Amino acid sequence: MGGETSRAALRSVVLDCTDARALAEFYRELLGWGYRPGDEPPPPGRPDDAGRDWLVLRAPHGGTDLAFQQVGQLPRATWPEGPHPQQLHLDLAVGTAEALDAEHERVLGLGAQLLRDRREDPDEPLYVYADPAGHPFCVFVG
């Protein structure tokens, strides 16, 4: 059967959020990915029906999608401690320490909040951020 398998395949990582369009736009800018056909923002002045429910970003060369599911309310993760654990986070890698510095400035400019600065860690330089919905994610050299 030409490489087919009966095992499940990971199709998407889904992030709950109270503003699916805003969070999708954050990650679209951060990752440089595009929307699944039909999920693009509507023209100015038109209602954003898709943006009030479920949106999908696709990696440019295939692979796992990143999806955004609208929910009524969502407590921000209180990582690393507190009443609301992160439950899941995304790890993003860059190739060099110089790229890490450039990406740090870009991530902050997109609206992420810095949670932890481990830039000077000799074994694993990284930054931990919260995206605009409060989901933690890391950017590291790897």
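Full extension of the segment from residue 98 to residue 11, taken as 0.36 nm per residue of separation minus the current Cα-Cα distance, would add 28.1 nm. Length available on full extension from residue 78 to residue 22: 0.36 nm per residue minus the Cα-Cα distance, which gives 18.1 nm. The orientation-averaged projected area of the convex hull spanned by the Cα atoms of region 12-70 comes to 3.8 nm². Relative protection proxy for 120-129, 16-25, from highest mean packing down: 16-25, 120-129 (other beta-carbon atoms within 10 angstrom). Of the two radii for region 76-142, the radius of gyration is 0.97 times the Kirkwood radius, both from the alpha carbons; that is the Rg over Rh value.
Here the sum of -39500 (n - 2.57) over DSSP H runs of 4 or more residues, divided by the residues of the chain, equals -5500 deg cm²/dmol at 222 nm, to the nearest 500.
Only Cα pairs under 8 Å and 6+ residues apart enter the sum, and on that basis the relative contact order of region 12-70 stands at 50 percent. A dipole drawn for the chain from +1 and -1 charges on Cβ atoms has a positive end, and of 128, 78, 12 the residue lying farthest that way is 12. Here the spin labels are modelled as points 7 Å beyond Cα on the Cα-Cβ line, and at residue 118 and residue 36 they lie 3.3 nm apart. Here the relative contact order of the chain, from alpha carbon pairs under 8 Å that lie six or more residues apart, stands at 23 percent. Taking amide H as placed 1.01 Å from N in the peptide plane, the amide H of residue 94 sits under 5 Å from that of 140, 141, 142, each at least 5 places away or on another chain. The mean sequence distance of close C-alpha pairs (under 8 Å, at least 6 residues apart), as a share of the length of region 90-141, puts its relative contact order at 43 percent.
Legend: calculated FRET efficiency, residue 71 to residue 108, from the Cβ-Cβ distance at R0 = 35 Å, rounded to 0.05, equals 0.85.
Rule-based calculations on the coordinates, nothing more; no lab input. Note that the structure is predicted; figures quoted are calculated from it, not measured. Neighbour counts run over all protein chains shown; Cβ positions are idealised from the backbone, glycine included.
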